[in-house]
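The values are calculated or read from the model by the stated rules, or taken from the named source; none is laboratory data. These numbers were taken from a predicted model, which means no experiment stands behind them. Cβ atoms come from the backbone with ideal geometry, glycine included; neighbour counts cover every protein chain shown.
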Amino acid sequence: MLYQLYETQRALMAPFSEFASASAKLYTHPLSAFSHTPMAQRVSAGLDLMHRLAKDYEKPEFDIRSVSVDGVDVAVQEQVAISKPFCRLLRFKRFTDNPAVLDEMKSQPTVLVVAPLSGHHSTLLRDTVRVLLRDHKVLITDWTDARTVPLEAGPFHLNDYVAYVQEFIRFVGPDVHVISVCQPTVPVLAAVSLMATNGEFTPRTLTMMGGPIDARLSPTSVNNLATTKSFEWFENNVIYRVPSNFAGVGRRVYPGFLQHTGFVAMNPDRHVSSHYDYFLDLIRGDDSSAESHRQFYDEYNAVLDMPAEYYLETIKAVFQDYALVNGTWFKDGVQVRPQDITTGALLTVEGELDDISGAGQTRAAHGLCTGIPKERQFHYDVEGAGHYGIFAGRRWRELVYPVVKDFIARYNSAGKSAAPGTELVAEAALQVGGSSSARTLAKRPPRKTRAASQG
């Protein structure tokens, strides 16, 4: 019933939102008499803010049309590599007429980015993809809003997520480098573990960023909610059926609007302050700051519904039973054993100020992946970075990406040893010494030469 009430409210607010938008323009257009009245700028700013608070936010586009490769702008086109009921595997194909740049692009590593299925759309990783495209071939998981998936497609469980990831890794091939951000660190590690147990190839590198591998460590408000409420509470209080105005009518989901309410409730003062600053920017005519606000909230306010079975199983397995770290996770009768991974290399990344995945939660992967030699395990703490800062924004571009880039390059040519001539950023990436909490700076290999970067 709550979902139906929300949809009714949204439908009723839509005309008022559009009226507020049109009225805001009426008070700023130079040919309008209203724009010359006293307080016109304030009235327009207030109406514009009202419009944005009441409007419905649809899924944004990645909108990556071009990137710079070796100083040359190349065109980018989205292609659907695999289409499944609950996810599309997108490939960002780069095009250029420059033979030298084309040869370089062909030799660059292939990266599979596994985006979160945790409320926001995969476009939240737009900045991650855009920066990676400078030096890599990039594919990303684009998860489908569950309310658009007909009931005939069947349910989607946590183990189905694992199976999707395995299929995507097999599709890309043994040269793949996998980057998982936030929630998918757990099912990605499970997927690769099961592939190793089955004797299949595993990715050349695994980069895990800000995820709850071991949610017992440094618990955050997200972890505390999952542990203080019972499984039945979640099932009875946050799961609803999709109403009749969507293709997935009748499907049980964790609605996006409830997730968004939870996001805002974590930092309400910050959001109020941000919207007030937006109001002031409009009054001052600071178009650049106002546009930055719009871009952020166009993404932040666009949410999707999660399949109920997937969400509930994630709560239980990851945040209540700690199935991965306790060795109690089974898929099709096979135990998930991260210790069976023996090839490739592992890098974990955590933000110093992350309030979603606490300190040590992602790094815990090293204690599980004991089959990977210690000299191929690395950890990086990003100073001053919150959860989003490790994969988007200035800290991602200037601090995290150089580490990730050099890590992938180092292990791109050989799965078991560092490629000659590559460099892991020693000042930032810290080598993990077994189960000990002590960290030492990674030794710096010879600086990468131009020839080495071209393969």
(message) Out of the residues in the range 219-231 meeting the condition of being within 21 Å of the chain's Cα centre (by Cα) and polar (S, T, N, Q), tell me which one is surrounded by the most Cβ atoms within 10 Å (Cβ to Cβ).
(response) Asn223
(request) Report yes if Gly327 is assigned by TED's automatic domain parsing to the domain that holds Asn159, at pLDDT 95 or above and out of contact with any His (no Cβ under 6 Å at 6 or more places or on another chain), otherwise no. (result) yes
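Going by the conditions given, is Ala81 in contact with a Phe, Trp or Tyr (Cβ under 9 Å, 6 or more places away or on another chain) and closer than 30 Å to Glu18 by Cβ? Give the derivation first.
On the way: in contact with a Phe, Trp or Tyr (Cβ under 9 Å, 6 or more places away or on another chain): yes; closer than 30 Å to Glu18 by Cβ: no.
The answer is no for Ala81.
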(message) Cβ-Cβ distance below 9 Å, separation of 6 or more or different chains: which pairs start in the range 351-372 with a residue that is under 16 Å from Phe391 (Cα atoms) and end on one that is basic (Lys, Arg)?
(response) Gly351/Arg395
(request) Could you check how many residues of the range 23-62 are farther than 30 Å from Leu139 by Cβ, surrounded by fewer than 17 Cβ atoms within 10 Å (Cβ to Cβ) and of a type outside the set (A, V, I, L, M)? (result) 11
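Test Leu347 against the stated conditions and say whether it is assigned by TED's automatic domain parsing to the domain that holds Leu189, in a strand (DSSP E or B), out of contact with any Gly (no Cβ under 9 Å at 6 or more places or on another chain) and crowded, with 21+ Cβ neighbours inside 10 Å. Can you show your working first?
Details: assigned by TED's automatic domain parsing to the domain that holds Leu189: yes; in a strand (DSSP E or B): yes; out of contact with any Gly (no Cβ under 9 Å at 6 or more places or on another chain): yes; crowded, with 21+ Cβ neighbours inside 10 Å: yes.
Answer is yes for this residue.
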(request) Taking the residues in the range 274-309 that are in contact with a His (Cβ under 6 Å, 6 or more places away or on another chain) and part of a helix (DSSP H, G or I) as candidates, determine which candidate is farthest from Tyr57 (Cα to Cα). (result) Glu309
(message) List pairs: first residue in the range 84-103 and in the same structural domain as Phe171 (by TED's automatic domain parsing) and over 13 Å from Asp73 (Cα atoms), second residue among the basic types (Lys, Arg) and assigned to a strand (DSSP E or B) anywhere in the structure, Cβ distance under 9 angstrom, at least six positions apart or on different chains.
(response) Arg91/Lys137; Phe92/Lys137; Lys93/Lys137
(message) Kindly evaluate Val192 against the criterion of being of a type outside the set (Asp, Glu), under 22 Å from Cys87 (Cα atoms), surrounded by 16 or more Cβ atoms within 10 Å (Cβ to Cβ) and in the same structural domain as Phe95 (by TED's automatic domain parsing).
(response) yes
(message) Residue pairs, Cβ under 6 Å, 6 or more apart or interchain, first in the range 397-413 and in the same structural domain as Gln108 (by TED's automatic domain parsing), second of a type in the set (A, V, I, L, M, F, W, C) and part of a helix (DSSP H, G or I). List them.
(response) Arg397/Val131; Val400/Ile390; Tyr401/Val131
(message) Suppose we filter Thr110, Thr141, Thr128 for residues that are touching a His at 6+ places or on another chain (Cβ under 9 Å), polar (S, T, N, Q), closer than 27 Å to Phe407 by Cα and modelled with pLDDT of 95 or more; which single one remains?
(response) Thr110
(request) For Val172, indicate whether it is of a type in the set (A, V, I, L, M, F, W, C), closer than 20 Å to Ile82 by Cα, surrounded by 24 or more Cβ atoms within 10 Å (Cβ to Cβ) and touching a residue at least 12 places away in the same chain (Cβ under 8 Å). (result) no
(request) Mind telling me which of the residues Arg241, Arg294 ends up being surrounded by fewer than 14 Cβ atoms within 10 Å (Cβ to Cβ) and either within 19 Å of the chain's Cα centre (by Cα) or touching a residue at least 24 places away in the same chain (Cβ under 8 Å) (or both)? (result) Arg294
(request) Determine whether the range 317-339 contains at least one residue that is more than 26 Å from Gln259 (Cβ to Cβ), assigned to a helix (DSSP H, G or I) and touching a Ser or Thr at 6+ places or on another chain (Cβ under 8 Å). (result) yes
(request) For the range 166-184, name all the residues that are in contact with a Leu (Cβ under 8 Å, 6 or more places away or on another chain) and either not aromatic (Phe, Trp, Tyr) or not assigned by TED's automatic domain parsing to the domain that holds Phe319 (or both). (result) Gln166, Ile169, Val172, Val176, His177, Val178, Ile179, Ser180, Val181, Gln183, Pro184
